[in-house]
């Protein structure tokens, strides 16, 4: 955000007032700037007085989209939705309205293919390419938050193989490690962490373009440097773990293993549809969200006080599987080293735990 802010001032003029746009329900971290970008009211209540204003626009939540005219089916809502891409129209109008103020958005911040803390909301095929094209058309920088989605988490090939449809068994595996790469989008900023070191050591990185990098170069006395740094930047152990993890991730064998795991996860998740408390199953690669509802025919949710998600996760823990909910959505993100029997046990524990909840 600091890079985008200062780059905008240096290219549009020092009197410009850089403003950011992100998605409804967005979560991008717990520091003041990151919380300012987020739009989850629960996180804003305590620290609202410390935050700066950012704008938001609706995310493509197909299962609960007010524009989706389709009745609930026993399938991923992205596949049976009936709409006219009204969500994209709202994005276009938001950018156009801000542009009329004479201060167009400096940057559009998004999680590609799957929003995490918002409720594991997957983006329908084609949405990301179109929405980033809109942002580009209005001169906004693209900030891709791939802290959750990077390093193969959202799939091994192009966007069509996202878990909503089957991966052809004989199709060659392509190890595209970033969600943005799967849809052919090149952001101006790529934010990564977590999977960078395989989870063994805390490390994060921000990647940017040569054009933005060059804007912070100059003579010593110009003070054009990016004045930002941390005590543990470039930590040797973290860097070694990241390099070792990348070496593993980029092998053909690792790509094939993730593809097989993704296929099995897709097949195992289908066994959950007979459960009345399952409203939507949303899979993108090796990340899935299962939304629990009181009545799947009406999408009626469980009341927050019922703690349906926590009760299911507690029941799963008793069966030897650890995960957590996001409200009434159960999150499944199996490690890449998960074996087929372990994945079967994981989904079986979830199935039994949901059945127990309904009973």
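The values are calculated or read from the model by the stated rules, or taken from the named source; none is laboratory data. Since the structure is predicted, the reported quantities are computational estimates derived from the model, not experimental observations. Glycine also receives a Cβ, built like all others from the backbone with ideal geometry; neighbour counts cover every protein chain displayed.
Looking only at the stretch 206-240, which residues are part of a strand (DSSP E or B) and either surrounded by 15 or more Cβ atoms within 10 Å (Cβ to Cβ) or in contact with a helix residue (DSSP H, G or I) (Cβ under 6 Å, 6 or more places away or on another chain) (or both)? Scanning the stretch 206-240 gives a single hit, 208. For the stretch 303-343, a residue qualifies if it is assigned to a helix (DSSP H, G or I), within 23 Å of residue 264 (Cβ to Cβ) and in contact with a helix residue (DSSP H, G or I) (Cβ under 8 Å, 6 or more places away or on another chain), and the qualifying residues are 312, 313, 315, 316, 340, 343.
Could we say that residue 22 is under 21 Å from residue 226 (Cα atoms) and either in contact with a helix residue (DSSP H, G or I) (Cβ under 6 Å, 6 or more places away or on another chain) or in a loop (DSSP other than H, G, I, E, B) (or both) here?
Working: under 21 Å from residue 226 (Cα atoms): no; either in contact with a helix residue (DSSP H, G or I) (Cβ under 6 Å, 6 or more places away or on another chain) or in a loop (DSSP other than H, G, I, E, B) (or both): yes.
No, not satisfied.
Scanning the stretch 118-138 for residues that are in contact with a strand residue (DSSP E or B) (Cβ under 9 Å, 6 or more places away or on another chain) and at positive phi yields 119, 120. The listed residues are 60, 112, 72, 104, and the only one of them that is over 25 Å from residue 28 (Cα atoms), assigned by TED's automatic domain parsing to the domain that holds residue 17 and in contact (Cβ under 8 Å) with a residue 12 or more places away in the chain turns out to be 72. Among the criteria (1) within 24 Å of residue 40 (Cβ to Cβ); (2) part of a helix (DSSP H, G or I); (3) touching a residue at least 24 places away in the same chain (Cβ under 8 Å), the one residue 258 does not fulfil is (1).
Tell me, which helices (runs of 4 or more DSSP H) lie completely within the stretch 62-139 with 3 or more residues that are closer than 15 Å to residue 283 by Cα? Steps first, please.
Details: elements: 77-80, 86-100, 127-137.
The helices (runs of 4 or more DSSP H) meeting that bar are 77-80.
Cβ-Cβ distances below 7 Å connect the following pairs, each with a first residue in the stretch 205-231 that is under 12 Å from residue 7 (Cα atoms), a second residue that is in a strand (DSSP E or B) and modelled with pLDDT of 95 or more, and a separation of six or more residues or different chains: 208/189. When the stretch 91-111 is filtered for residues that are within 22 Å of the chain's Cα centre (by Cα) and over 17 Å from residue 4 (Cβ atoms), the ones remaining, listed by number, are 91, 92, 94.
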